[in-house]
Amino acid sequence: QVQLVESGGGLVQAGGSLRLSCAASGVILSISVMGWYRQTPGKQRELVATISRGGSTNYADSVKGRFTISRDNAKNTVLLQMNSLKAEDTAVYYCMVVRYEITYWGQGTQVTVSS
């Protein structure tokens, strides 16, 4: 099993920045993809960004140029630097990792952007 603990959410004004962090523990060997999704009430969870073990990244169009994902394989952590935040970025953000084609999720952290 893989356990994920997120931190860094909170309330910020539009135009501001936040950094989300996620630490993986447990059976962490062979984690391939790490990333972030987000969800608002009544909507499906959507991709924000992912990063492969080799560093290849994938971003949702809505966050390109504003968010940056990074990972530290030695520490089994994934970070999401969020700049130029907009009200529409308000959501619960979930950390995720993939290990042997199984996806594990964190408990979620609330990000609220006030306009």
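The values are calculated or read from the model by the stated rules, or taken from the named source; none is laboratory data. Computed from a predicted model, the values in this text were never measured in an experiment. Please note: Cβ atoms are built from the backbone with ideal geometry, for glycine as well, and neighbour counts cover all protein chains shown. The accessibility values were calculated without ligands, DNA or RNA, using every heavy atom of the protein model including side chains. Shrake-Rupley method; radii C 1.70, N 1.55, O 1.52, S 1.80 Å.
Consider the range 76-93 and keep the residues that are within 23 Å of LEU11 (Cα to Cα) and polar (S, T, N, Q). The one that is surrounded by the most Cβ atoms within 10 Å (Cβ to Cβ) is THR90.
Restricting ALA60, ALA24 to residues that are within 14 Å of the chain's Cα centre (by Cα) and surrounded by fewer than 19 Cβ atoms within 10 Å (Cβ to Cβ) narrows the list to ALA60.
Residues in the range 2-16 that are part of a loop (DSSP other than H, G, I, E, B) and either more than 23 Å from ASN76 (Cα to Cα) or among the hydrophobic types (A, V, I, L, M, F, W, C) (or both): ALA14, GLY15, GLY16.
For the range 5-23, the condition holds for no residue, the condition being that it is charged (D, E, K, R), under 19 Å from VAL113 (Cα atoms) and touching a Phe, Trp or Tyr at 6+ places or on another chain (Cβ under 6 Å). So in the range 94-105, with the set limited to residues that are over 11 Å from ARG38 (Cα atoms) and within 12 Å of the chain's Cα centre (by Cα), which one is surrounded by the fewest Cβ atoms within 10 Å (Cβ to Cβ)? It comes out as TRP105. If you filter the range 16-47 down to residues that are touching a Gly at 6+ places or on another chain (Cβ under 7 Å) and among the aliphatic types (A, V, I, L, M), you find that the one that is farthest from TRP105 (Cα to Cα) is LEU18.
The residues of the range 27-54 that are surrounded by 12 or more Cβ atoms within 10 Å (Cβ to Cβ), over 14 Å from VAL92 (Cβ atoms) and of a type in the set (Ser, Thr, Tyr), listed by number, are SER32, THR50, SER52.
Suppose the filter is surrounded by fewer than 21 Cβ atoms within 10 Å (Cβ to Cβ), among the β-branched types (Val, Ile, Thr), farther than 17 Å from GLN44 by Cα and modelled with pLDDT of 95 or more; does VAL113 pass it? So VAL113 passes the test. In the range 72-97, the residues that are within 12 Å of SER62 (Cβ to Cβ) reach residues that are open to solvent by 40 Å² or more (accessible area, probe 1.4 Å) and β-branched (Val, Ile, Thr) with C-beta atoms within less than 7 angstrom, at least six apart or across chains, in these pairs: ALA91/THR40.
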